[in-house]
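Written out below as structure tokens is the structure these notes cover.
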Amino acid sequence: MADEAKRTRAVRVATYNIHRARGLDGRTRLERIAGVLAAIDADVIALQEVIGASPLKPGQAAELGAALGMGWVMAPTRHLRTALFGNVVLSRFPMRHHVQYDLTWKTCEHRGVQRVDIALDSDTLLAYEMNGEVLPVEHGFPVRVVVPGWTGNSWIKWLTSISVLDTEHDGFWMARAYRHPGKPVPPATAVPPERMQPVTSLRVKSVIAAPLDGSTVAGKLSRRGDELSALPGGRFPKKASPALRGKAAAESEHRMAQDRKVGDAPSHDRADRAHDREQLPRAARHHRRSHLRMR
């Protein structure tokens, strides 16, 4: 559970039209705006009607960013005298990309909307190329999510859109397949569904046998190890030690038992998986079938 807590992050978002920092008393005092924003203590703040840089001043966006210790990007919609004027986003997280869209209608006052892509984890990527070329279909074309520190089921392939949910996704793979009891249990033990937890990380399933832990080495280093996981078809690495082969056999038997249970799943589970397959490109469906046979 401690690991799950580390992976769950609450983000506070606020939006505020500061009206050029002019209050109801008619006075323009940016420090009052900074005080209000500091009290809100939001991680991401979207501001409207902000005066930007001019030939004489750095602008309100720069001053607010410095006062709050936050990064910022501006999307000006027009000029106010010699200064930029428009929308600003302040963020405590890295801002990877931002785009401005013009919403002006005919002769009305200039309007715009600002889109900002914020990286809550600085290592998370949306990959569209591989080795300098367009991402192959079998690796997730057009886009694949790369989420270091999470298991492969979170590295979503064939991505076309992203939806933010306030509840856990109820699809087969996230709600039923990639789950674990939360603590060690004997193979084939029935665990109530409400006690099953989503898989977010896996322990390393290989052992470095040489050099030994704590050894001091010099010069060229050769490493030797054993893989604990079974190969396709229940086979094991030829060089694996008897002890490791025995442990791998037990793990493989447990996995196959779980696979048999999934194969006997209720019809609505199978319907969910059939629906998922229909949402994938044909080549991607073939790859997933191959993957399932290999597992």
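The values are calculated or read from the model by the stated rules, or taken from the named source; none is laboratory data. Since the structure is predicted, the reported quantities are computational estimates derived from the model, not experimental observations. Neighbour counts run over all protein chains shown; Cβ positions are idealised from the backbone, glycine included.
The table below lists the values:
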item: Odd one out for residue 133, checked against (1) among the acidic types (Asp, Glu); (2) closer than 28 Å to residue 9 by Cβ; (3) modelled with pLDDT of 85 or more; result: (2)
item: Residue match in segment 110-121 (condition: within 24 Å of residue 162 (Cα to Cα), touching a Leu at 6+ places or on another chain (Cβ under 8 Å) and not acidic (Asp, Glu)); result: yes
item: Some residue of segment 147-156 being closer than 29 Å to residue 88 by Cβ and loosely packed, with under 12 Cβ neighbours inside 10 Å; result: no
item: Meets criteria (in contact (Cβ under 8 Å) with a residue 60 or more places away in the chain and either out of contact with any helix residue (DSSP H, G or I) (no Cβ under 8 Å at 6 or more places or on another chain) or under 30 Å from residue 17 (Cα atoms) (or both)) for residue 156; result: no
item: The lone exception for residue 91 - which of (1) touching a strand residue (DSSP E or B) at 6+ places or on another chain (Cβ under 8 Å); (2) more than 30 Å from residue 201 (Cα to Cα); (3) among the hydroxyl-bearing types (Ser, Thr, Tyr) it fails; result: (2)
item: Restricting segment 142-153 to residues that are in contact with a Phe, Trp or Tyr (Cβ under 7 Å, 6 or more places away or on another chain) and touching a residue at least 24 places away in the same chain (Cβ under 8 Å), the residue that is farthest from residue 119 (Cα to Cα); result: 153
item: Tally of residues being at positive phi and free of Cβ contacts under 8 Å to residues at least 12 places away in the same chain across segment 13-45; result: 1
item: Every residue from segment 121-141 that is surrounded by fewer than 12 Cβ atoms within 10 Å (Cβ to Cβ) and in contact (Cβ under 8 Å) with a residue 24 or more places away in the chain; result: 122, 123
item: Unique residue being out of contact with any strand residue (DSSP E or B) (no Cβ under 6 Å at 6 or more places or on another chain), closer than 30 Å to residue 201 by Cβ and of a type in the set (Gly, Ala, Ser) when the list is 67, 10, 39, 34; result: 10
item: Identity of the residue in segment 86-120, touching a residue at least 40 places away in the same chain (Cβ under 8 Å) and in a strand (DSSP E or B), that ends up surrounded by the most Cβ atoms within 10 Å (Cβ to Cβ); result: 88
item: Helices (runs of 4 or more DSSP H) contained in segment 1-80 and holding at least 2 residues among the hydrophobic types (A, V, I, L, M, F, W, C) and within 30 Å of residue 148 (Cα to Cα); result: 2-7
item: Pair list, Cβ < 9 Å and 6+ apart or interchain, from segment 49-74 residues that are in the same structural domain as residue 93 (by TED's automatic domain parsing) to residues that are hydroxyl-bearing (Ser, Thr, Tyr) and not in a strand (DSSP E or B); result: 54/82; 55/82; 56/82
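Results for (1) at pLDDT 85 or above; (2) under 19 Å from residue 96 (Cβ atoms); (3) in a loop (DSSP other than H, G, I, E, B), shown as yes or no for each residue.
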| site | (1), (2), (3) |
| --- | --- |
| 145 | yes, yes, no |
| 156 | yes, yes, yes |
| 159 | yes, yes, yes |
| 166 | no, no, yes |
| 169 | no, no, yes |
| 175 | no, no, no |
| 182 | no, no, yes |
| 185 | yes, no, yes |
| 189 | yes, no, yes |
